[in-house]
Amino acid sequence: MDTFLKKAITLDKTDHLAHFKNYFENDPAMIYLDGNSLGKLPLKTIETTSNIVNNQWGKRLIRSWNENWMDLSGDIAKKIAQIVGAQPDEIFVGDTTSINLYKLLFASLSIQKDKTEIITDDLNFPTDLYIIQGLINQQFKNHTLKVLKSENEIFMDDLKIKSSLNTKTAVITLSLVSYKSSFLYNMETVNNLAHKNNSLVIWDVSHAAGATTIKLNETNADMAVGCTYKYLNGGPGAPAFLYVRKDLQEKLNNPIWSWFAHKNPFDFDSNFVENPGIQKFAISTPSILSLGAIAPGLDVILEAGIKNLQTKSNNQSEFLIELIQHYLVPLGFKMVSPLNNKQRGSHIAIEHPESYRINLAMINPINKKEKVVIPDFRPPSFIRIGITPLYTTYLDLYEAVIRIVEIVKTKEYAAFSTTKLKVT
Ligand SMILES: *Cc1c(COP(=O)(O)O)cnc(C)c1O
C-alpha cells in the first residue's frame with residue numbers, strides 16, 4: 001500500500017476529533033474541501049430550524065418574541081465570544097460582515113477627526129476594500145487609503161506594517177487570515193504596533209473563526225468583524241458578528257440610528273437615545289430563521305474545543321503540504337500558502353496554469369464512479385483546499401490529491417471550458 005495512504009488511515013484512526021464528522025450531513029460520494037467558503041450542514045440544524053419554523057413561528061407567532069427570539073442574538077453572542085476569545089457583552093450578532101465593517105469604520109474615523117489615513121493591504125477581502133473606498137468617497141473625503149503591498153499576494157512582513165504607521169493613521173484594518181493565500185497575521189504584534197501609534201485596529205476574522213485560535217481580549221484587540229457561514233457552519237448568508245472592546249464601546253457610535261440600537265426600543269419614543277452597550281451596533285429586527293440556524297454549528301465547535309481544532313488543522317495542513325510536495329509539485333503545481341503553521345490559516349492554496357479547469361474537473365468527474373471533490377478556485381490561478389478540522393479526514397486529503405494527479409496526467413480538465421461560472 002502507498003505509504004501516504006497508510007499514513008492517512010493511521011492518522012484518521014488516532015484522531016480524537018474523528019467522530020465529529022458524524023454531526024454533519026455527509027455524502028460518501030463527495031469530498032468537501034470548501035468549508036472555508038460555506039460550511040457543511042450540522043444535522044442538529046435541521047431539527048432546530050424546523051422547530052423555529054413549525055412551532056415558534058407556526059404556532060406561537062408573535063408570542064415567540066418574548067418566549068424565544070428577543071434573547072436569541074445575545075445567546076449566540078455568548079457562544080461566539082468563547083470562540084474568538086472575548087466577553088459576551090463585547091459581541092453583537094446580526095447584519096453582515098460588510099455592514100458591520102462599515103459601522104465600525106465609520107465610528108472609528110468619526111472619533112479621530114485629526115487623523116486622515118486608513119491602512120489596509122492587498123491580502124484583504126475585496127468587500128473590505130470597497131467599504132473603505134465608499135466611506136472615503138461619500139463621507140470622509142479628506143481621508144486617504146494606503147494599501148500595503150504584500151510579497152506576491154502571499155505574505156506580509158510585520159516590519160512593513162510598522163513602517164507604514166504614522167501620526168495620520170486613524171485605523172488599520174486587515175483580514176486575520178487572507179482568503180487567498182491563507183497568510184495569518186500575528187494579531188498581538190499588529191495590535192501593539194498600532195496602539196503605540198495611537199491608531200485603532202479593525203480585524204476581519206471571517207476566514208479564521210472556527211478553525212484558528214483567536215484571542216481578541218488577550219491581544220487587546222480594539223474591534224473585529226466576522227461571518228458565521230464559513231468554519232462556523234451557520235448556513236448560507238447567516239448573520240455576521242462584530243466585536244468592540246468594552247472600554248471602546250462608549251466612545252464609538254453606530255452611524256445608523258434605528259430602533260434596535262435604541263436604549264428602550266419598546267418605549268416607542270420619538271427621539272433616539274443610544275443603547276450604551278454593544279447592542280448600540282444593532283440596526284433592525286433580527287433575522288430569526290437564519291440567526292437560529294447558527295447555534296447548532298457553534299455548539300459543535302465548543303464541544304470539540306477550538307484549541308483541539310487548531311491542533312488538528314495544523315496536523316492536517318502539514319500532511320496536505322507533504323502530499324502536495326510529493327505528488328503535485330512534480331506536475332507543475334506551486335505551493336502558495338506559507339509553510340509555517342504560525343503564519344497560516346486553515347486552507348491551503350496551490351497554483352497551476354490550468355487551475356480553473358482542474359477545479360472544474362474535480363467537481364464534475366467525467367467518470368461518474370469517481371468521487372466528486374469540491375475545493376474552490378480563486379483568480380488568477382489558485383485552487384484553495386479548505387481544511388475543516390471538524391469534518392475533514394486525512395483520507396479526504398489523500399484522495400483529493402490523488403484525484404488531482406489523475407486529472408492532470410490524463411488531461412481530463414481539457415474537456416472543460418475556460419469560461420468562468422458565476423460563482424467559482
Ligand atoms: C467571507 C468574507 C466576507 C463576507 O462578507 P459578507 O458581507 O458577509 O458577504 C467578508 N470578509 C472576509 C474576510 C470574508 O472572508
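Per residue, the chain reaches -10000 deg cm²/dmol at 222 nm when only DSSP H runs of four or more residues are counted, each adding -39500 (n - 2.57).
Using 0.36 nm per residue and subtracting the Cα-Cα separation, the extra length available between Ser110 and Lys411 on full extension is 102.8 nm.
Based on alpha-carbon positions alone, could you give the equivalent ellipsoid semi-axes of the range 20-102 from the gyration tensor, as √(5λ), descending, whole Å?
Numbers: eigenvalues 133, 96, 30 Å².
Rounded to whole Å, the semi-axes are 26, 22, 12.
Using a Förster distance of 35 Å, how high is the FRET efficiency between Glu351 and Thr144, based on the Cβ-Cβ distance and rounded to 0.05? Once the sixth-power term is evaluated, E becomes 0.60.
Average 1/r across all pairs of distinct alpha carbons in the range 117-231, invert it, and you get the Kirkwood radius: 14.3 Å.
About its Cα centre, the dipole of the range 69-302 is roughly 420 debye, where the only charges are +1 on Lys and Arg Cβ and -1 on Asp and Glu Cβ. For the range 219-288 versus the range 126-153, the inter-centroid distance based on Cα atoms is 23 Å.
In angstrom, the C-alpha Rg and Dmax of the chain are 22.3, 74.
In this label model, Arg60 and Ser284 are separated by 2.4 nm, measuring between points 7 Å along each Cα→Cβ vector.
Length, then width, then depth: along the principal axes, the Cα atoms of the range 218-361 run 69, 35, 30 Å. Near Thr167: Cβ cut-off under 11 Å, other residues only, Lys/Arg at +1 and Asp/Glu at -1. The net charge is 0. For the range 8-62, with all protein chains in place and a probe radius of 1.4 Å, 62% of the accessible heavy-atom surface sits on carbon or sulfur. Could you work out the local net charge near Ile256, counting Lys and Arg as +1, Asp and Glu as -1, over the other residues with Cβ closer than 14 Å to its Cβ? Counting the neighbours of Ile256, the net charge comes to 0. Classify the range 370-424 as rounded, prolate or oblate from the Cα gyration tensor: take a ≥ b ≥ c as the square roots of its eigenvalues, call it rounded if a/c is under 1.5, otherwise prolate when a/b beats b/c and oblate if not. Here the range 370-424 falls in the oblate category. Quick one: check the C-alpha center-to-center distance for the range 351-424 versus the range 107-124, whole angstrom. Going from one Cα centre to the other spans 39 Å.
When we measure straight from the Cα of Lys6, which lysines land under 22 angstrom away, once same-chain ones fewer than 8 places off are left out? Of all the lysines, those that pass the test against Lys6 - Cα under 22 Å, at least 8 places apart if same chain - are Lys21, Lys312, Lys371. According to the Cα-based calculation, Rg over Rh for the range 69-302 is 0.95, with Rh computed by the Kirkwood formula. Using R0 = 60 Å, the C-beta based FRET efficiency linking Ser164 and Asn315 works out to 0.95.
The magnitude of the dipole of the chain, with charges of +1 and -1 set on the Cβ of Lys/Arg and Asp/Glu and taken from the Cα centre, is near 460 debye. In the full protein context, the chain carries 44 Å² of accessible surface per residue, based on a 1.4 Å probe and ignoring ligands, DNA and RNA. Computed with a 1.4 Å probe on the full set of protein chains, the accessible area for Val423 sits at about 120 Å². Bridge orientation summary for the range 69-302: considering DSSP beta bridges with both residues in this region, about 40 percent are antiparallel.
Each residue, Asp267 and Ala29, gets one label point 7 Å from its Cα in the Cβ direction; the gap between the two is 6.1 nm. Annotation: amide H-H contacts under 5 Å for Asp121 (H modelled 1.01 Å from N, sequence separation of 5 or more, or interchain): Leu148. What number, in percent, do you get for the relative contact order of the chain if the mean sequence gap of Cα pairs under 8 Å and at least 6 apart is divided by its residue count? After rounding, I find 23 percent.
The values are calculated or read from the model by the stated rules, or taken from the named source; none is laboratory data. Since this is a predicted model, take the numbers as computed values, not measurements. Every residue, glycine as well, gets a Cβ built from its backbone with ideal geometry; the counts of neighbours run over all protein chains shown. The accessibility values were calculated without ligands, DNA or RNA, using every heavy atom of the protein model including side chains. Shrake-Rupley method; radii C 1.70, N 1.55, O 1.52, S 1.80 Å.
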